[in-house]
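Any read-out appearing in this document is the output of simple, stated calculations on the displayed coordinates, not a laboratory observation. These numbers were taken from a predicted model, which means no experiment stands behind them. A quick note on method: Cβ atoms are made from the backbone with ideal geometry, for glycine too, and the neighbour counts reach across all protein chains shown.
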Amino acid sequence: MATIHDVASACGVSISTVSRAISRPDLVNPATRERVLAAVAELGYQPSTAARSLMSGRSMTLALLVPDITNPFFFDLVRGTQAQAAAAGYSQILIDTDESVELERQHIATAARGADGLVLGASRLSDDALREAARSVPLTAVNRSTPGVASVVIDTPSGMVQALHHLASLGHRDVAYLSGPRSSWSNGRRWRAVQMAARRAGLSVRRLGPFPPTRAAGAAAADAAVHAGVTAVLAFNDLIALGVLQRLFARGLAVPDDMSVVGCDDTFGADFCHPPLTTVTASIEQVGRLATDMLLEQLRPVPPPPRVHTVPAVLTIRGSTGPAPARPQQ
């Protein structure tokens, strides 16, 4: 295998020049840089992770922080961030913050000492705390838009509005939004969008909860919806929606005959539960790739200003929604 010494010898330059041409090309004369890179390609030189770390002064590691590692929403996010990091020569570490603001703060501080940058999935930090973190370490936030912080945001509010209009077309006039955690930025956006769309359409919509974003919480959410007398529910995420399906079945209520159920995220399992779940869909893996790309941009010698990239979401209609019943079932 070719070594850095072989590349230096082929180009007639020093080892340090080869190192800079690879790790800090902006510091090398363009003609020399092109000569070095051509030799790298011709000889098939591949710097090891340790060598790249020494050359760049970086750990060649990125960290992904998520609030709940068991939530299927994050499976594809991990896949996307890891693939993009690997393509750029980085390793990735995964950290679960357990839906805790304090744990998230602690893990950010710890990860910042060893990782070159962070991707925060659905951060529970306040805007001020998020900006403070972004000043201490390069980071990208997923599903969180805070001025001064690079972020990738999924347009789930528009998907929820599509879901509400879908339910209205089926004759539903009394709908509940099953709220997620109070600390979730996405939860607030979705509720406000549903509220505004319902007002414009002349529909009755109420918020129930908040509920933890788990399947187990779906049981309490289903009981609350039945007690409220609504004919359809929009759940904060698929996990709550799947728990609702399970609880309604246990109570002897049929979906969608007695109540329609809509989830959000189109996570693993949403299409083969019974009935298959109508839900809001976006390419989560693509979100992960974009978030990592934006993070890598911040590691450049002159990073671009922070920006927000919005990923569209659409409603995927399956078997859990149907015409409104003549009256709510108890």
Notebook entry, point to check: Just going by the charge dipole of the range 131-241, with Lys and Arg at +1 and Asp and Glu at -1 on Cβ, which of Thr140, Val226, Phe211 is farthest out on the positive end?
Noted result: Thr140
Checklist line | Positive minus negative residues near Ala10 (Lys, Arg vs Asp, Glu; Cβ under 14 Å) | finding: -2
Item checked: For the chain, size of Cβ-based charge dipole, Lys and Arg +1, Asp and Glu -1, in debye -> 700 debye
Check: Hey, what do the phi angles of the range 294-303 turn into as Karplus ³J(HN,Hα) couplings, whole Hz, using 6.51/-1.76/1.60 and θ = phi - 60°, x for Gly and Pro?
Finding: 5, 5, 4, 4, 6, 8, 5, x, 10, x
Item checked: Helix-only CD estimate at 222 nm, as mean residue ellipticity for the chain, using -39500 (n - 2.57) per DSSP H run (n ≥ 4) -> -14000 deg cm²/dmol
Check: Which distance in Å, rounded to a whole number, links the C-alpha centroids of the range 170-225 and the range 302-323?
Finding: 18 Å
Item checked: Formal net charge of residues neighbouring Gly269 (Cβ-Cβ distance under 15 Å; K, R +1; D, E -1) -> -3
Next item on the list: Describe numerically, in nm with one decimal, the distance between label points set 7 Å from Cα along Cα→Cβ at Ala109 and at Ser9.
Entry: 5.1 nm
Next item on the list: Could you please state, rounded to a whole Å, how far the C-alpha centre of the range 71-130 is from the C-alpha centre of the range 1-17?
Entry: 37 Å
Check: How far is helix 73-87 tilted, in degrees, relative to the longest principal axis of the Cα atoms in the chain, given as a value from 0 to 90 rounded to the nearest 10?
Finding: 10 degrees
Margin query: Around Pro72, under 9 Å between beta carbons, what's the net of Lys plus Arg minus Asp minus Glu among the other residues?
Written below: -3
